[in-house]
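No lab work stands behind these numbers, since they all come straight from the coordinates. Since we're looking at a predicted model, the values are computed, not measured. Neighbour counts run over all protein chains shown; Cβ positions are idealised from the backbone, glycine included.
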Amino acid sequence: MSGAGGITTARRDTAADDIPVDTPRGPAREAAESELSKPMYHENDPNVLQRALNQFWDWVAGVFDAAAGAAPGGPAGLAVLVVAVLGLAAALWWRLGTPQRSARKAEALFDNDGPRGAAQHRAAAEAHAAALRWTEAVQERMRAIVRSLEERALLDPRPGRTADEAAAEAGRALPEHSARLRAAARRFDDVTYGGRSADQAAYLSLRALDLELDEVKPSLPGTSLGATG
């Protein structure tokens, strides 16, 4: 029943099975890989840094995609969350100032350009205020406050004293003003070491404190703050 046609078909199948299919493509693949390995085909390939950056941005995109999928509301919810985090960071920066203040040790209140009296510091503060240089005006007014206390023997003159130290010492003889003295010292530190800017309200606050301190009497008459310990 097989007949001649069946024999022909069987021979064709046997011949097809005997031919190695990959034999012609093996040398061709090797030749192609050898050709493509030539430098001329890789002149425009990204360098190692570019490949690393591409992988990094792919990773970042994957992280955001995963976060967007997990966040309530999808991408819109993620956007709201990012805005909230940025707002919190801005609020903390505004409240605490730049890291410069914590990283830098507070320096002496007075410069090393020679001693100046309270009246000179007040005049300098008023000149800065008239020119709307509020930061410099605050600095000079704080110096005027401390120098005035020294001139009235409420503080012992001491080179190298910081604004915080002066406020703490002055607060012992003038307890009703201790909180405002500490606040004035913090404001001085903020604008001098913390990168903050002063405004007119800050200067007027220090000016009012200076004028009030110039009129008050210490709690311990005849005793300087440096001697109280």
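Peptides 178-187, 206-215 ranked from most to least packed, by the mean per-residue count of other Cβ atoms within 10 Å: 178-187, 206-215.
Amide H to amide H, with H built 1.01 Å from N, residue 155 comes under 5 Å of 150, 225, counting only residues 5 or more places away or on other chains.
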